[in-house]
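The values are calculated or read from the model by the stated rules, or taken from the named source; none is laboratory data. Just so we're clear, the structure is a prediction, and the values are computed from it rather than from any experiment. No Cβ is skipped: glycine too gets one built from the backbone with ideal geometry, and neighbour counts run over all protein chains shown. For the accessible areas, the whole protein counts, side chains as well, though only heavy atoms, and no ligand, DNA or RNA atoms are used. Shrake-Rupley method; radii C 1.70, N 1.55, O 1.52, S 1.80 Å.
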Amino acid sequence: MNNSIEAKRYDYLDNIKWVLTIIVILHHSAMTASLEPIGYNLPPVQESMQYQYGILGTFLGINQSFFMSLFFFISAYFVIPSFEHKGAGKFMLDKLKRLGIPTLMTLLVIFPMMSLDFATSNIKGLFLTANIVLGVTWFCWTLIVFSAVFALFQVVSTGNQKVEADKPFPALWKILLFAVIVIPFNFFGLYLMDTLGSDFLGFHLLKYFPMYISMFYFGILAYKYQWLDKLELKHAFYGILMWLIAKAFIEPIASGYGFDADMVTRGFTVIGMSMFLLYCFKKLFNTKGKWSSMLTRTAFAAYVVQNLPMKYTADFYQSFMTQTPLINFVVIAIPSVIGSFAIGYLICKTPILKRIF
């Protein structure tokens with residue numbers, strides 16, 4: 001491991017995190033206003049307006065094609081400096097505190113506030129089917145596991161690590177080759193999900209895990225070899241081109257042959273959009289002001305609590321909702337985003353909770 005690398009703090013990575021948090025809240029708001037099950041959906045609209053569900057479905061597909069994988073990449077980017085600064089024990093204790101407590105809060109506080117029956121049956125489900133819904137904190141639980149594997153590898157390999165030469169940003173042909181190689185692993189993840197369940201041991205949608213694992217690993221390599229400093233305009237261009245070709249051409253072809261198109265295109269869309277967004281934010285949003293600093297500080301808490309304002313908004317709105325799904329989406333989304341960050345702000349001002357969030 002290269003110990004000479006200083007742990008830089010890039011403002012644009014912080015900005016991406018709060019923007020991605022808003023996208024996640026918008027994503028779940030779109031699910032609430034559509035037919036995608038989330039637990040507190042609005043009732044179906046009249047048949048003549050259901051075509052708008054397709055528009056919301058497209059929005060959901062765009063988000064799902066990259067956003068959580070990019071979260072894993074950014075989270076992994078800082079594990080090496082954190083591990084080196086804290087050591088294995090403190091590193092994992094910090095992960096358990098900052099990620100484990102919000103996960104427990106979801107199970108024991110947020111879910112019961114939303115539905116006591118669901119909260120109870122959900123915990124029972126772990127013992128009956130080995131499946132447990134963790135809400136949005138499945139991401140926190142997964143990060144704990146990924147971080148534990150990283151820490152274990154670091155401890156086991158101490159003293160055996162070779163000093164590696166600096167590596168350039170991966171060539172386009174290598175990126176494309178990886179996107180092809182990962183396809184069978186995506187289908188294996190899909191098979192595991194269909195066999196074990198959608199929330200096996202709290203791991204939500206195993207079909208996406210090959211790319212989650214890959215992006216976490218790439219985040220570690222990106223820090224190690226300072227790939228973000230080497231990210232150029234050509235990478236952004238290649239990235240958005242990869243995403244567009246995958247969505248516009250490869251996806252319909254795969255569907256036409258009866259394959260799960262998302263499993264075929266996922267490597268292309270995740271890496272492509274991630275390169276594009278990372279470069280754009282690096283060049284355009286690498287600054288921090290009063291509002292962006294506040295949004296950065298409260299983003300994680302907003303992410304954790306988002307289901308509360310969303311459910312209460314949906315419940316209140318349901319009795320006089322329109323028959324236009326796109327309007328319903330906007331009506332759900334605005335108070336959900338504002339409410340999530342407002343609650344997150346209060347959490348970050350609370351003496352005990354602010355040390356966790």
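I'd like the full set of residues that are in a helix (DSSP H, G or I), of a type in the set (A, V, I, L, M, F, W, C) and open to solvent by less than 50 Å² (accessible area, probe 1.4 Å), limited to the range 225-240.
TRP227, LEU228, ALA236, ILE240
If you go through the range 167-176 one residue at a time, do you hit one that is open to solvent by less than 80 Å² (accessible area, probe 1.4 Å) and more than 26 Å from TRP243 (Cα to Cα)?
no
Out of all the residues in the range 294-317, which are exposed (fewer than 14 other Cβ atoms within 10 Å of the Cβ) and in contact (Cβ under 8 Å) with a residue 60 or more places away in the chain? Please lay out each step first, then the result.
Going residue by residue through the range 294-317, those that are exposed (fewer than 14 other Cβ atoms within 10 Å of the Cβ) are 315-316.
Of everything in the range 294-317, just one residue is exposed (fewer than 14 other Cβ atoms within 10 Å of the Cβ) and in contact (Cβ under 8 Å) with a residue 60 or more places away in the chain, namely ASP315.
If we keep just the residues of the range 285-307 that are touching a Phe, Trp or Tyr at 6+ places or on another chain (Cβ under 7 Å) and aromatic (Phe, Trp, Tyr), which is nearest to THR106 (Cα to Cα)?
Checking each candidate, the answer is PHE300.
Any chance the range 258-266 includes a residue that's among the basic types (Lys, Arg), within 21 Å of GLY239 (Cβ to Cβ) and under 21 Å from the mean Cα position of the chain (by Cα)? It would help to see each step written out before you state the result.
Initially, the range 258-266 is screened for residues among the basic types (Lys, Arg), giving 266.
Narrowing further to those that are within 21 Å of GLY239 (Cβ to Cβ): 266.
Then keep just the ones that are under 21 Å from the mean Cα position of the chain (by Cα); that gives 266.
Yes, that holds for at least one residue.
I'd like the full set of residues that are open to solvent by less than 30 Å² (accessible area, probe 1.4 Å) and either at pLDDT below 95 or not in a helix (DSSP H, G or I) (or both), limited to the range 132-152.
Scanning the range 132-152 gives ILE132, LEU134.
Which of the residues spanning the range 182-196 are open to solvent by 20 Å² or more (accessible area, probe 1.4 Å) and touching a residue at least 40 places away in the same chain (Cβ under 8 Å)?
Within the range 182-196, ILE183, PHE187, LEU190, LEU196 meet the criteria.
Would you pick out the residues in the range 103-119 that are polar (S, T, N, Q) and in contact with a helix residue (DSSP H, G or I) (Cβ under 8 Å, 6 or more places away or on another chain)? If you could, list the steps in order and put the result at the bottom.
Narrowing the range 103-119 to residues polar (S, T, N, Q): 103, 106, 115.
Selection gives THR103, THR106.
Could you pull out the residue among ILE62, ILE25 that is surrounded by fewer than 18 Cβ atoms within 10 Å (Cβ to Cβ) and modelled with pLDDT of 95 or more?
Answer to the selection: ILE62.
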